[in-house]
Structure formats: C-alpha cells, structure tokens
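Enquirer: One structure, as structure tokens, below. Some questions next.
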Amino acid sequence: MSDNQHHDDRHNDDEHHEHAHGDHAHGEHAHHDHAHGEHAARPGNRLRKELPAEVPAPAPGAGQRPVPRPDGSLSGRQRLVKGLWPPRLTRPQLIVALLLFGLGFGLAVQVASNSDTDSALRGARQEDLVRILDELDSRTQRLEDERQGLEKQRSELQSSSDQAAEARKQTAEKELQLGILAGTVAAQGPGITMTIEDTKGTVQSDMLLDTIQELRAAGAEAIQVNGVRVVANTYFADAGKSVSVDGNKINAPYRFKVIGKPQDLEPALNIPGGVVQTLEKEQATVSVAQSGKIVVDALRQAKQPDYARSSSQ
C-alpha cells in the first residue's frame, strides 16, 4: 500500500469519527431537550407552572407610556401618575389658585419696589438725602397748612349755617309778631274780656274808639270787638243806633277780647274819669274780667301797599 493511499484511508477514518461524534452530540442534545420537556411537564413542579410568563422590560425612551400588567392591575408608580395627571380642578380650587397667584405676584412686585427704593437711598449722597428730607418736611408742612385751612372753612361753614338757621328762626318769629299786629294770624295769651251793655243806645263810636286807645296805651297787643279784628288802621263810625268797625256793622252788647298784661289793662279802664266811668254816665253797663288765656281768632286779609316798599330790598 502506497503512502498516498494510506493517507486517504486515515483521512476517511477521521471524517467518519467526527461525523459519528457529531451524531452522538446531537443525540445527546435531543435527549437533553426531551428530558427537560418531561421534567417541565411533571405535575410535581407546580411553582414553575403557576408563575406568569416574564414580561420584558420596555426600552427607555421619551414619551413612552407604561405597559400594563397582563392581569390588568397597575403598579404603585402608575397609579400615582394616573392620579396626578391630568389634573382635575374644581371651580373653587381654580379661583383660590388664581387669588394665591395674584397675591404672590403683588408681594413680589412690592418687595422688588422696596428693594429698588432702598437701594437707591443707600446709594444716594449725603446732600441728596438732606434734600429729600427737606422736601418731605416742606410737603408735610404744606399738608398741615391745607388741613388747617380746611378745618377753618368747615368751622366757618358751620358758623354761617348756624347763623343762617338762627336768622331764619328770628325771621319766622318776627313774621308771627308782625302777623299778630297786622291781624293776619290768630293770637292767644293772658288778658281780659270786657262787655258793654247798651240798652239805651247811647254808646257811640267815639266812646268805643276811646276804649281802644286806652287799651293800647295799657299794653294791649291784640284786640277783637264782636268778631272784628282791630289793627292799626281800624276806624269806628256811627251807623244809626249801632256802630260800624272798618265798615262792619256791630250791635250791642259790645264784647272786647284783649291780650296783654291783665294787671295793667283792668286798672287802665277803671281809672277815675276813664273809660268805665264815662260809659256808666251814658247808662251803659261795663264788666271786666281777667283771664289766663284769651283767644283772638278774628283775622284780617293782608293788604299789599300801593307805594310803600321794604327798604332792605
């Protein structure tokens, strides 16, 4: 046998050996898989059978959503994220949030402004600080002067208002007094009543006029005769057996209502040679009575003067 033939036979034996070894290894691997399958299928290994299949972890990436578990449950981190986003705000919570934001913004602006002012004052020169203080003092003095001026004006207004109210009050009182004298308003007060009985018809108008003059001289303020108000321009005239007062005919008995001081009026009528004695000589009967309240309610129409005007206009 030649060397080449011997070498070829040896090479063939090696190839056969390697092939057989490969088949043996493959057989062992198949046997191992079969054994592993049988071992996994055994009912005794329950822990391995009950565990869920492994889920590969997701690769990290921006915006990747969490993968839920096979049984549908969420992990603690997933529940936290789901509870916080998206946010669910009620209307009151939103209003409170906006208010808090506005308050915080205002405080920040105030703090920044104060900081700027403090920084500006800290960086100012001494001359500038003195000038600022002088300006503040001047402004304070001006405000104080303005306050005093306003208080003075208020006092003047109050005083003038009080004066105006007092003037109006005095004017009203004076109007009443003039109304009483003019006979345009009713009056009441202490006084006397006098009644003249003239059964003979001997009492004349001049006797009644003398009675009025005597009462006025004694301080009479309001007089009324038989329902006719006696004023400054009142006149008496004879009308047959009766008397006319300002054109109004009155008959006996003549009743006088007089307001004034009773202690002055009655003695003035009873003086010797006075009104009472004169009327009694004419056979008239005169009676005088004092009273604490006499009402004079006969009124006269106010007459507008033709020529006289108030000098205050």
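The values are calculated or read from the model by the stated rules, or taken from the named source; none is laboratory data. Here the structure is a predicted model, which is why all the values come from computation and not from measurement. Please note: Cβ atoms are built from the backbone with ideal geometry, for glycine as well, and neighbour counts cover all protein chains shown. Surface accessibility is based on the protein's heavy atoms, side chains included, excluding ligands, DNA and RNA. Shrake-Rupley method; radii C 1.70, N 1.55, O 1.52, S 1.80 Å.
Enquirer: If a residue must be without any contact (Cβ under 8 Å) to a residue 12 or more places away in the chain and either open to solvent by less than 70 Å² (accessible area, probe 1.4 Å) or over 59 Å from the mean Cα position of the chain (by Cα) (or both), how many such residues does region 282-311 contain?
Expert: Count: 3.
Enquirer: May I ask you to list the residues in region 172-211 that are among the acidic types (D, E) and under 49 Å from the mean Cα position of the chain (by Cα)?
Expert: E173, E175 - these are the residues of region 172-211 that are among the acidic types (D, E) and under 49 Å from the mean Cα position of the chain (by Cα).
Enquirer: What tally of residues in region 230-256 results from selecting those that are of a type in the set (K, R) and either open to solvent by less than 90 Å² (accessible area, probe 1.4 Å) or part of a loop (DSSP other than H, G, I, E, B) (or both)?
Expert: Number satisfying all stated conditions: 1.
Enquirer: In region 272-293, how many are in contact with a Ser or Thr (Cβ under 7 Å, 6 or more places away or on another chain), outside any loop (DSSP other than H, G, I, E, B) and either under 19 Å from T184 (Cα atoms) or hydrophobic (A, V, I, L, M, F, W, C) (or both)?
Expert: Total meeting the criteria: 2.
Enquirer: Tell me yes or no: at least one residue of region 264-271 is assigned to a loop (DSSP other than H, G, I, E, B), out of contact with any strand residue (DSSP E or B) (no Cβ under 9 Å at 6 or more places or on another chain) and open to solvent by 80 Å² or more (accessible area, probe 1.4 Å).
Expert: no
Enquirer: Please count how many residues of region 156-184 are of a type outside the set (A, V, I, L, M), in a helix (DSSP H, G or I) and modelled with pLDDT of 85 or more.
Expert: The total comes to 9.
Enquirer: Could you please tell me which pairs satisfy a Cβ distance under 6 Å, a separation of 6+ or placement on different chains, a first residue in region 217-236 that is in contact (Cβ under 8 Å) with a residue 40 or more places away in the chain, and a second residue that is part of a loop (DSSP other than H, G, I, E, B) and among the basic types (K, R)?
Expert: G219/K261; R229/R300; V231/R300
Enquirer: Check K200 against each of (1) modelled with pLDDT of 90 or more; (2) of a type in the set (K, R); (3) under 21 Å from S287 (Cβ atoms) and name the one condition it does not meet.
Expert: Single failed check for K200: (1).
Enquirer: If G227 satisfies every condition in (1) under 60 Å from the mean Cα position of the chain (by Cα); (2) open to solvent by less than 10 Å² (accessible area, probe 1.4 Å) but one, which is the exception?
Expert: Going through (1) under 60 Å from the mean Cα position of the chain (by Cα); (2) open to solvent by less than 10 Å² (accessible area, probe 1.4 Å) one by one, G227 breaks only (2).
Enquirer: Among the numbered criteria (1) open to solvent by 40 Å² or more (accessible area, probe 1.4 Å); (2) of a type outside the set (G, A, S); (3) modelled with pLDDT of 95 or more, which one does M194 miss?
Expert: Going through (1) open to solvent by 40 Å² or more (accessible area, probe 1.4 Å); (2) of a type outside the set (G, A, S); (3) modelled with pLDDT of 95 or more one by one, M194 breaks only (1).
Enquirer: Being modelled with pLDDT of 70 or more and surrounded by 10 or more Cβ atoms within 10 Å (Cβ to Cβ) narrows it down to one residue among R91, R142; which is it?
Expert: Details: R91 fails: surrounded by 10 or more Cβ atoms within 10 Å (Cβ to Cβ).
One residue alone meets the criteria, R142.
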